[in-house]
Each structure stands twice: as structure tokens, then as C-alpha cells.
Amino acid sequence: MNLQELLQTLSAQNIELWVDGDKLRYRASENSLTPELLAEIKQHKSEIIRVLSQKPNTENTDSYPLSQGQKALWFLYQLAPESSAYNLTYTAKLSNNLDIPALQKSAQGIIDRHPALRTNFTIIDGEPVQKVDQNKTVEFTVEDAFAWNQREINDWLLEKSAVPFDLENGSVIRFNLLVNSKAKNEYILIIPQHHIISDLWSSDIIVEELEILYAAIVKNKEPLLPEKQSEYQDYVKWSEEILSGEYGEKLWQFWQQQLAGELPLINLPIDRQRPQEQTYNGNSLIFNVEENLLNSLQELARKERVSLYMLLLTVFQILLSKYTNQEDILIGTPTINRSRPEFEKIVGYFTNPVVLRGDLSGNPTLSELLARTKTSVLETLEYQEYPFPLLVEKLQPARDTSISPIYQVVFAWDRSNSSDSEDIDINDKLVLEPLVANSKGSAFDLTLTIINDVDSLKGTWNYNTDLFDSSTIERMIGHFMTLLSGIVADSTAKIKDLPILTTAEKQQLLIDWNQTKTEYPVDKCLHQLF
């Protein structure tokens, strides 16, 4: 058993380890620490001490416990500190008359305003804690793209988004500006953040407030920022309080019933044998939904009394069912998880993944399946506050180091930031156009993220490159788009009758592969020809 497998096993058994001087201590329930596990711990003792022996620097810092979600990400970080699978990146083209010093000052203002962005993580007395530095200088870089072509710019963006974070000692957010001095007044800003301190909602807050600060600085005015009613540590405290009470028990009872029985693993058509240990190597492909199809999908959603999110989630379930021939489909989806208004303007890791269990049995029509999806989504959102890592801990599914527990496929919905504040003059606007960037990491086998802007719909397919070839994902995108067109053309069809083959694939299967000029003897039977 290697170190990664050992740590995962110990975590599943709720066995805690910490360093006391030069000794390795443990805390375990009765009978959980078997002689075999104890022997493995002794074998890897020096490695475990190296991982856990973090010297806390408490000077000018405040320390707080981690949320359940942060604990899970911290554990994954210790297993793969060089991975970029949990990097969260915002990218945008900026104003042509950009004031770079004002932008850097604005970025520093964001760091000063939100404690989560000044946070590092360590182990104290065997427990992970987050340390908030009261004075942190923003990591802000400027690079010239003189004479670069578009491919070189794309490579730079991909490289910057994939730089791993040092959660123990380094910055947890970076501001990287690309200046094209050859083509005057072209600027691209990329803001990588580690997911442990941010989420998509938080990223929108950062960009919105960055624009407010920038507009105020360039005009030498006082910025009118939204009032904050709490901080992230208040959420951590509140979350622990509700979980220990009657409401927490109600949440647990729902999920215990929802995920009862043997949970199916999704049997995707992978291109290579799955590695023995889960990897986080990934890539992304981007696609766009053209305007006419988007309008038709919106009309269909209104007709069926569902959201566009529910409609596309249902289509994704159908696609997965066609690939796997499975009718019980488990998909993870991140929720905003900010039910209390005082958490609305706080930057932090609030998002909580929930499990949507799709029932595609009985070959329903699209309308029937949409009704099932609507009920499932609304019910699930009502119980979104139960932390997924705690759910895994209590359900104790069969652990397999080669896959993520409970679900391996994710469907995410991102309402693209459109921070058009009425207080910002159009001439002082910072962000001209948000960009969709690729990713080198993959936290799951497959993640479909739909980016819903005011008048456009695009998405990214993030996939594990140890499992899939890019050509396979390209075909998946084609099949997904064919399904979208198919439901618009006939929303009353049974789901098994909905098409997924693209026009090119139909041509290949029905025409190209059946064209032959060979003349076979007419006096022989078929088996004789073979």
C-alpha cells in the first residue's frame, strides 16, 4: 500500500494522525486500527511526519477551523500538491485604455477586503486550520505578448491557469496581465484561484468589486462597495452548529434514503484502462450553441415549465444513458449553498456538490423525464446544505482509489459574470469580454460546464486525459448537440428514439462503409465466400 492509498484508507476509517514533537500520534475508534494498518503506518512513518509537520507561523495571523468542504480539498491537496485540478480561473479581455497601476491597486484592494484571499493552511495539534494574514501583498504580474500569435497567447493562458498553488506558504489567488504592445491597447487578465478559498459565485464577487474599485481609483473617488455582514469563518461556525442539531439530522436522513442501496458506477466508454489510482490529468474542449438553437431550447423549457438548467441536465442524462445502457445515472452538481443573506457577498468556498440521481427507466418521453428531473432537482436543492464530504464519510461507500466516490461525472452551471454596475461609467468599464479558458486538470472523469450568458450559451467538456482521447470528447460534443436539436424537433419522442449520430457519422455508417465495387461470384453461398 503506497502513501496515497494509506491516507485514503485512514480517512475512510476516521483515523486521525498528528505530529507531537518527533512522534506520530493517532486517534481511532475501537477496532478500526487493525494490526495491518498499524504496520503500514509504521512503514510510512517518516513520510507521514513530513506531510503533517507544518510549522505554523502565528505572527500577525488569525487561525480558524476549516469547513467540511475545505477539509476534503485540503486532504486532496496533500495527496497531489502539484495538481491543478482544483484551480478555478477567470479570464477576460480588458478595456483598451487600461490603467495598469490602478488595476494593481484595485487587485490589492480585493485582497485587503476579503480574508479568504489572504489565507494559508496548515496542521496544528493534528487538525487542519486556516491562517488569515492581516497584511498580504497581491501577486500581480505583467507580461508583454509582443509579436505573439493567437496560439502562443492561448498557450500562455493555459500555462498560467495550470500553475499549482502552495496552500501552506504561497498566495491562493493570482492576477496575471497580458499586454500586447504590438497591437495597441489589447489586454487580457487571468485570475487563477484555488477552489479551497473560492467558488464561481465568489469569482463573480471578485470581478464585480474589482470593477468598482478600478472605476473609483481612476477617478480618485471613494469606492461604493456592498456592505459585508459576516465573514467566511462565520459560515464555518454556522454550518457546524446546524449539522449538530435537529436540522442536520433531517438533512442526513434525506440523503441516507436518497442514496440507499448499492450505488451504480457509471460505465463510460473510456479509451484506455483505468489507472489503479485516480489521476487528475485533464484537458478541456469548448463548444457554442448557436443562437437559433438556443432560442428553440428556451422556448421548449418555457413550454415544459422547467429551467434551461433542468432541460440541459436531462439531455446530459439521456446522453450518458445511451453511452452506458444504464437507467440509474448518478451525476454530481455544485450548488451555490448560500441560503442565508449575510453570506451573499462573502468570498469563500461555499459551493457544495450534491448528487442528482436520474431515473431513466421505462423509456419515458422527454416530457416525462423532464418532470422527474424537475422533482429531483427541487428536492435536492432543499437539502443542499449537508456537506458532501461528510455524506461520503457516513455512507462509507466501497472505496476504490481509481475513482471518485459516489459519482464520477459532473454537470455544472455557470451564469457568466455580467457586472454592469449602474455606478460605473461605460468609459471606465474594466471588463470588455469574459473568455472561456482551457484547463490542464480534471477532478473527475468527465465534467460538462454550461456557461449561460445573457444572450449566449457555451460550454466546456473537461475530461481526464488518462481515460479519454480528445477525439472521443469531440464525438461526445457532436452527440450532445445532435440530441439538443433532436428534442427541439420532436419533444414527444421516447428517449431511446432520440438521435445522437451526427450527419457525418450517418453518412459514414449508411453510405461510405456500404459502398463497394467488388464483384462477388453469384454461384457461391455467403459462407463459401468467407
- Query: Share of the chain's accessible area from carbon and sulfur, percent, 1.4 Å?
  - Reply: 47 percent
- Item | List Leu395, Leu94, ordered by accessible area with a 1.4 Å probe, largest first | Leu395, Leu94
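Which of the residue pairs Lys322/Lys506; Lys303/Lys374; Lys303/Lys506; Lys303/Lys458 have a Cα-Cα distance greater than 20 Å in the structure shown?
Check vs 20 Å cut-off fails for Lys303/Lys506; Lys303/Lys458.
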- Message: Quick check for you: with a 1.4 Å probe and neighbouring chains kept, what is the accessible area per residue of the stretch 252-363, in Å²?
- Response: 46 Å²
- Name the trypsin sites (Lys or Arg not before Pro) in the stretch 186-280 that are in a loop by DSSP and that have at most 16 other C-beta atoms within 10 Å, would you? Lys219, Lys221, Lys228, Arg272
- Query: Taking 0.36 nm per residue of separation and subtracting the Cα-Cα distance, what length does fully extending Ile242 through Val522 add?
  - Reply: 92.8 nm
- Query: So how do Tyr323, Tyr386, Tyr26 rank on accessible area, 1.4 Å probe, biggest first, that is with the largest at the start?
  - Reply: Tyr26, Tyr323, Tyr386
- How much length is gained if the chain between Tyr26 and Glu152 is pulled fully straight, taking 0.36 nm per residue apart and subtracting their Cα-Cα distance, in nm to one decimal? 40.3 nm
- With a 1.4 Å probe and every protein chain left in place, work out the accessible area per residue of the stretch 138-204 in Å², rounded to a whole number. 43 Å²
- Message: Tell me the accessible surface of Val454 in square angstrom (1.4 angstrom probe, heavy atoms of protein chains only), to the nearest ten.
- Response: 120 Å²
- Rounded to the nearest 10 Å², the accessible area of Val163 at probe 1.4 Å: 60 Å²
- What number of lysine-lysine pairs in the stretch 146-271 show an alpha-carbon separation below 26 angstrom, given a sequence spacing of 8 or more or placement on distinct chains? 6
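Compare the peptides 473-481, 102-110 by average per-residue count of other Cβ atoms within 10 angstrom and give them in order, highest first.
Order by mean packing, descending: 102-110, 473-481.
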- Message: Please compute the modelled spin-label separation between Thr492 and Leu3, points set 7 Å along Cα→Cβ, answer in nm with one decimal.
- Response: 6.3 nm
- Given a Förster radius of 60 Å and the C-beta distance between Ala260 and Gln515 as r, what FRET efficiency does 1/(1 + (r/R0)^6) yield to the nearest 0.05? 0.70
- Considering the values (1) 32.4; (2) 24.1; (3) 25.7, which represents mean projected area of the Cα convex hull in nm² as calculated for the structure under consideration? (1)
- Taking R0 as 30 Å and r as the Cβ-Cβ distance between Glu344 and Asp125, the FRET efficiency 1/(1 + (r/R0)^6), rounded to the nearest 0.05, comes to 0.35
- Cα-projected label distance for Arg415 with Arg50, points at 7 Å along beta-carbon direction, nm: 4.7 nm
- Task: Mind grabbing the accessible area of Ile286 for me, 1.4 Å probe, Å², rounded to tens?
- Result: 70 Å²
- Message: What FRET efficiency comes out for Gln134 versus Asp166 if R0 is 25 angstrom and r is the Cβ-Cβ distance? Round to the nearest 0.05.
- Response: 0.80
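Can you tell me how much longer the chain between Glu159 and Ser307 gets when fully stretched, taken as 0.36 nm per residue apart minus their C-alpha distance, in nm with one decimal?
49.7 nm
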- Inter-site label distance for Ser471 and Ser296 at 7 Å from Cα along Cβ, in nm: 2.9 nm
- Item | Net dipole in debye of the stretch 105-206 [+1 Lys, Arg Cβ; -1 Asp, Glu Cβ; about Cα centre; nearest 20] | 400 debye
- Set of the stretch 433-450 residues, backbone N closer than 18 Å to the point 7 Å along the Cα-Cβ line of Arg274: 442-448
- Query: Which pairs break 27 Å Cα to Cα here: Lys71/Lys105; Lys394/Lys496; Lys93/Lys440?
  - Reply: Lys71/Lys105; Lys394/Lys496
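The values are calculated or read from the model by the stated rules, or taken from the named source; none is laboratory data. A quick note: this is a predicted structure, and the numbers were derived from the prediction, not measured. For neighbour counting, all protein chains shown are included, and Cβ atoms are generated from backbone atoms with ideal geometry for every residue, glycine included. SASA here: full protein model, heavy atoms, side chains in, ligands and nucleic acids out. Shrake-Rupley method; radii C 1.70, N 1.55, O 1.52, S 1.80 Å.
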